[in-house]
Amino acid sequence: MTTTRRLVTHSALGALGTIACAAAGLLTPGFAAAQADALKIGLILPMTGPFASTGRQIEAAARLWMAQNGAKVAGKTVELIVKDDAGVADTTRRLAQELVVNDKVVALAGFGLTPLALAAAPVATQGKTPLVVMAAATSSITEASPYIIRTSFTLPQAAIGIAEWAAKNKIKKAVTMVTDYGPGIDAEKFFVDRFLLNGGTVPEKLRTPLRSPDFAPVLQKVRDAQPDAVFVFLPSGQGAAFMKQFAERGLDKAGIKLIGTGDVVDDDILADMGDVALGVVTSHHYSAAHKSPANQKYVAAFQAANPKMRPNFMSVGGYDGMRVIYKALEATKGASGEALLAAMKGQIFESPRGQVLIDAQTRDIVQDIYIRRVEKVNGALYNVEFDAMKGVKDPGKNR
Ligand code: PHB
């Protein structure tokens with residue numbers, strides 16, 4: 001837009017610019033009015049770099065929500081502005097600032113990793129702009145700004161389910177292996193505490209770096225410890241490389257069971273993991289194989305719009321996040337700031353993952369956590385749910 005306007009005032013290109021703008025409808029009064037009236041949502045995601053799968057999934061889900069629900073709310077046009085932060089926190093902060101100050105978005109959304117959500121939190125507070133975390137999952141994120149609402153999950157929420165399951169299923173000794181930053185530290189703490197409480201032992205707690213991890217040395221340590229199981233948390237996107245090395249080093253054959261939160265057997269990459277993934281048990285809030293009519297509809301629509309993709313848990317955070325924003329805009333007739341934030345709190349609805357609540361006190365999501373096992377369904381690998389903990393609040397909030 002800015003470039004096009006500059007062309008119009010430039011004498012040599014004036015005529016050309018005017019024609020181009022008129023053709024695109026950019027200078028018509030109708031367009032200007034629509035612009036002023038638009039309800040803008042700023043979606044900041046890692047669309048490039050090692051975490052691009054998160055960006056791809058969430059953008060696809062957000063666009064699906066809009067295709068299904070229309071681009072008009074309370075008589076105004078909803079405009080989705082997608083920005084790529086490439087997973088770099090300084091970029092996230094700058095983009096958030098630009099979206100609030102220049103674009104005057106009514107909500108910020110997205111946030112593929114914990115450090116990215118934390119970088120944008122002060123911008124939400126200063127701009128009194130609701131910020132919907134659709135992916136990042138460290139428990140404490142919602143405490144970084146009173147304007148944060150979360151539609152993803154928390155690692156404490158996901159990790160206790162598998163700790164309970166392991167203790168009841170002949171796993172006495174477990175080693176943990178997590179990525180060394182917020183969500184990994186949360187996963188480790190909540191898995192270990194619950195597992196010890198249930199009588200298990202944890203001889204080793206291993207951590208890998210977030211950027212370019214080499215799993216070989218830690219897998220050797222896992223092997224040496226000879227546990228019944230290794231509990232793993234890795235951020236979405238890293239599971240495939242890990243599973244490959246797990247198999248290459250023969251840990252599956254050595255009788256060490258792989259358990260974890262569902263991030264390691266993410267639906268985005270599960271289909272290509274091969275038989276090494278078979279039998280992996282994890283706990284998580286979403287599986288593409290979740291058996292509900294709402295989910296079957298969601299998966300079918302997602303795949304019709306994105307034929308080469310299977311929706312994963314990140315996509316559901318994006319889809320539900322758009323729902324929360326839309327319903328709050330509808331309820332407030334297009335308000336922003338405090339009023340919009342208030343209308344996001346306390347929403348209860350059926351997500352593709354099951355029934356959820358946005359807790360008005362914590363602004364975090366309350367949801368069912370499923371225990372799942374990787375199995376072949378019609379020849380393809382899926383996380384098949386076989387047990388559930390109902391209405392789980394983030395256990396990380398009462399520390
Ligand atoms: C996070 O950085 O908070 C994060 C990223 C990917 C996940 C889970 C948590 O799969």
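The values are calculated or read from the model by the stated rules, or taken from the named source; none is laboratory data. Keep in mind the model is a prediction, meaning the values are calculated, not measured. Because the Cβ atoms are built from the backbone with ideal geometry, glycine has one as well, and the counts that use them run over all protein chains shown.
Give the residue, chosen from Gly199, Gly182, that is within 14 Å of the ligand (Cβ to nearest atom) and at pLDDT 95 or above. Walk me through how you get there before you give the answer.
Values: Gly199 fails: within 14 Å of the ligand (Cβ to nearest atom).
Result: Gly182 is the single residue among Gly199, Gly182 that is within 14 Å of the ligand (Cβ to nearest atom) and at pLDDT 95 or above.
If you go through the range 285-319 and keep only what is away from the ligand (no atom under 16 Å from the Cβ) and within 11 Å of the chain's Cα centre (by Cα), you end up with just Tyr319. Could you check, for the range 125-140, whether at least one of its residues is of a type in the set (Gly, Ala, Ser), at pLDDT below 95 and away from the ligand (no atom under 11 Å from the Cβ)? Within the range 125-140, none of the residues are of a type in the set (Gly, Ala, Ser), at pLDDT below 95 and away from the ligand (no atom under 11 Å from the Cβ). Those strands (runs of 3 or more DSSP E) of the range 312-399 in which 2 or more residues are buried (at least 18 other Cβ atoms within 10 Å of the Cβ) occupy 354-358, 365-377, 380-392. The criterion of being basic (Lys, Arg), surrounded by fewer than 24 Cβ atoms within 10 Å (Cβ to Cβ) and at positive phi does not hold for Lys168. I'm checking my understanding of the structure. Among residues of the range 232-268 that are aliphatic (A, V, I, L, M) and not in a helix (DSSP H, G or I), which one is surrounded by the fewest Cβ atoms within 10 Å (Cβ to Cβ)? Here the residue is Ala254.
May I ask you to say which residue of Gln97, Gln157 is more than 16 Å from the ligand (Cβ to nearest atom) and in contact (Cβ under 8 Å) with a residue 24 or more places away in the chain? Even if it seems obvious, please write down each step before you answer.
Working: Gln157 fails: more than 16 Å from the ligand (Cβ to nearest atom).
So the residue among Gln97, Gln157 that is more than 16 Å from the ligand (Cβ to nearest atom) and in contact (Cβ under 8 Å) with a residue 24 or more places away in the chain is Gln97.
Could you tell me which of the residues Ala167, Ala159 is modelled with pLDDT under 95, within 30 Å of Lys257 (Cβ to Cβ) and assigned to a helix (DSSP H, G or I)?
Working: Ala159 fails: modelled with pLDDT under 95.
Selected residue: Ala167, the only one of Ala167, Ala159 that is modelled with pLDDT under 95, within 30 Å of Lys257 (Cβ to Cβ) and assigned to a helix (DSSP H, G or I).
For the range 185-196, a tally of residues being more than 16 Å from the ligand (Cβ to nearest atom) and either at pLDDT below 95 or of a type in the set (D, E, K, R) (or both) returns 2. Which of the residues that make up the range 71-116 are under 20 Å from the mean Cα position of the chain (by Cα), part of a helix (DSSP H, G or I) and buried (at least 22 other Cβ atoms within 10 Å of the Cβ)? Within the range 71-116, Thr92, Leu95, Ala96, Thr114, Leu116 qualify. Across the range 222-255, which residue is farthest from Leu155 (Cα to Cα) among those that are more than 16 Å from the ligand (Cβ to nearest atom) and touching a strand residue (DSSP E or B) at 6+ places or on another chain (Cβ under 6 Å)? Filtering the range 222-255 for residues that are more than 16 Å from the ligand (Cβ to nearest atom) and touching a strand residue (DSSP E or B) at 6+ places or on another chain (Cβ under 6 Å), the one farthest from Leu155 (Cα to Cα) comes out as Ala225.
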